[in-house]
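Enquirer: The structure is given below, and queries will be raised subsequently.
The values are calculated or read from the model by the stated rules, or taken from the named source; none is laboratory data. Note that the structure is a prediction, hence the values are computed from the model and not measured. No Cβ is skipped: glycine too gets one built from the backbone with ideal geometry, and neighbour counts run over all protein chains shown.
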């Protein structure tokens, strides 16, 4: 009788172990896929680059059209914060809290990379640049220009220490991965 109980206990333990291993394998597989349930949402966010750790903003907080979009160290400032306006599934039109403008890729779409500069935030939604946000397995986002299909990328200038923003083909580099930091606009200064 004891032998039968021991055999059943062993079989139960082996089945339990196999189930745990299977669940662990499935969890590992799902971790490598973008999380469909954790999409970007409308609201106010600071957008931090994974490679450089700094935030998107118009250079020198300038409100002029054509101002380059660059990275700047984190502060609770309006010029470093963007309002996300929904424009379809995981698509947004971004508006800067300080300048009330947005940004777009400039230059020909056929170029390997195009500079990203500040442009007016059109009153009509169809006249605004739209960005596609895809959540990656590590929790960061790939941000693609909906028009050209190129990825928002932080690029260090050859001369100097400035980091400017361009769009170029997706290469899965940390310079193309972005973190969204939700922020209450009422807590912003400057």
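Enquirer: How about the stretch 87-105: which of its residues are assigned to a strand (DSSP E or B) and modelled with pLDDT under 95?
Expert: The answer is 105, and nothing else.
Enquirer: Say whether the condition of being modelled with pLDDT under 95, in a loop (DSSP other than H, G, I, E, B) and over 15 Å from the mean Cα position of the chain (by Cα) is met by at least one residue in the stretch 51-69.
Expert: Checked against the condition, which is being modelled with pLDDT under 95, in a loop (DSSP other than H, G, I, E, B) and over 15 Å from the mean Cα position of the chain (by Cα), the stretch 51-69 yields no hits at all.
Enquirer: Those residues that are surrounded by 11 or more Cβ atoms within 10 Å (Cβ to Cβ) and modelled with pLDDT under 95, I need them from the stretch 151-165; list them, please. Full working, then the answer.
Expert: Step one: of the stretch 151-165, the residues surrounded by 11 or more Cβ atoms within 10 Å (Cβ to Cβ) are 151-156, 162-165.
If the condition is that a residue be surrounded by 11 or more Cβ atoms within 10 Å (Cβ to Cβ) and modelled with pLDDT under 95, then 155, 156, 162, 163, 164 are the ones that fit.
Enquirer: Of the conditions (1) touching a strand residue (DSSP E or B) at 6+ places or on another chain (Cβ under 9 Å); (2) closer than 19 Å to residue 46 by Cα, residue 122 clears all except one; give me its number.
Expert: Unmet condition: (2).
Enquirer: Residue 175 is checked against (1) over 17 Å from residue 56 (Cα atoms); (2) part of a helix (DSSP H, G or I); (3) modelled with pLDDT of 95 or more and fails just one. What number does that condition carry?
Expert: (1)
Residues are listed down the side, and each one gets a yes or a no for (1) out of contact with any strand residue (DSSP E or B) (no Cβ under 6 Å at 6 or more places or on another chain); (2) more than 15 Å from residue 164 (Cβ to Cβ):
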{"site": "50", "(1), (2)": "no, yes"}
{"site": "53", "(1), (2)": "yes, yes"}
{"site": "72", "(1), (2)": "no, no"}
{"site": "88", "(1), (2)": "yes, yes"}
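Enquirer: Can you give me the number of residues within the stretch 106-132 that are at pLDDT below 95 and either part of a strand (DSSP E or B) or crowded, with 20+ Cβ neighbours inside 10 Å (or both)?
Expert: Residues that pass the stated criteria total 3.
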